[in-house]
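Heads up, the thing below is written out as structure tokens.
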Amino acid sequence: MDINDLLAHLNRGEAVEGGSELHRVMIDLSQKALKLTAELNGQYHTPEEVRKLFSLLIGKPVDATFTMFPPFYTDCGKNICMGKNVFINTGCRFQDQGGIAIGDGVLIGHNVMLATLNHDIDPRKRSTMHPAPIVIGKNVWIGANAIVVPGVTIGDGAVIAAGAVVTKDVPANVIVGGVPAKIIREIETSQE
């Protein structure tokens, strides 16, 4: 088994049992991601160097319009898809084993956490992990310290208020906030 087997398994939404061969591949992948994030976060890098290191981390090139202010943390990296004109601020944590897709024009604030794994509810199977993807539409703004949990889709143009915990899908062009996040209001869009 290798990384491709693991990613295919995770992207089908299939559980990974603790101690299994797939779990061992996941741990190996985590160690590689931790090494790259240590390099990314350990000293100053130019924007071009940040893009290069982030591209290595996710295993595919990011667009020249991608901007990130380290530090950035992930224990996988290889299941992130990044759009154009994306900005990620400092201190973000992406647990991307279940898949994270980020659309064009997304702004992600300080210390945002995106988590795509849940542990099993049954205490006897607690080490079993259940993946579910996070999909972030175009032109979304996620405020500082927000948390998005596994399986959530955020519609185009939505705003996630600072400190929100997003546990359900968010429609396009709304502002959500609170714990758990609820719709605060709709966003009027211009018709140009």
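Near Lys32, which lysines are there with a Cα under 17 Å away, not counting those fewer than 8 places off in the same chain?
Lys52, Lys60, Lys78
In the chain, which whole DSSP H runs stretch at least 18 Å along their own axis (Cα) and average -1.0 or higher on the Kyte-Doolittle scale? Don't jump to the answer; show the numbers that get you there.
Working: long enough: 21-41 (30 Å, -0.06).
Going by DSSP H runs, the hits are 21-41.
Using Cα centres only, tell me the gap between the stretch 26-102 and the stretch 169-192 in whole Å.
Answer, in whole Å: 27.
For the stretch 9-96, which chymotrypsin sites (Phe, Trp or Tyr not before Pro) are both in a DSSP coil and crowded by at most 10 other Cβ atoms within 10 Å?
Working: sites: Tyr44, Phe54, Phe66, Phe72, Tyr73, Phe87, Phe94; in loops: Tyr44, Phe66.
Hits after loop and neighbour filter: Tyr44.
Tell me the per residue accessible area of the chain using a 1.4 Å probe; a whole number in Å² is fine.
52 Å²
May I ask for the percentage of alpha-carbon pairs in the stretch 7-59 that lie more than 13 Å from each other?
Tail of the P(r) past 13 Å holds 65 percent of the pairs.
Roughly speaking, what % of Cα-Cα pairs in the chain are separated by over 19 Å, rounded to a whole number?
59 percent
Would you mind computing, in nm to one decimal, how far apart the modelled labels at Lys52 and Thr189 are, each placed 7 Å from Cα along Cα→Cβ?
3.8 nm
Restricting to the stretch 62-165, compute how many DSSP beta bridges are antiparallel as a %, nearest 5.
In the stretch 62-165, approximately 10 percent of DSSP beta bridges are antiparallel ones.
Tell me, what is the percent relative contact order of the chain, built from C-alpha pairs under 8 Å that lie six or more residues apart?
About 14 percent, as a whole number.
Taking the Cβ-Cβ separation of Met1 and Ala101 as r and a Förster radius of 22 Å, what is the calculated FRET efficiency to the nearest 0.05?
0.35
The values are calculated or read from the model by the stated rules, or taken from the named source; none is laboratory data. Remember, predicted model here, so these are calculated numbers, not experimental data. We place every Cβ from the backbone using ideal geometry, glycine too, and count neighbours over all the protein chains shown. The protein model used for the area step is the full one, side chains on, heavy atoms only, and it has no ligands, DNA or RNA in it. Shrake-Rupley method; radii C 1.70, N 1.55, O 1.52, S 1.80 Å.
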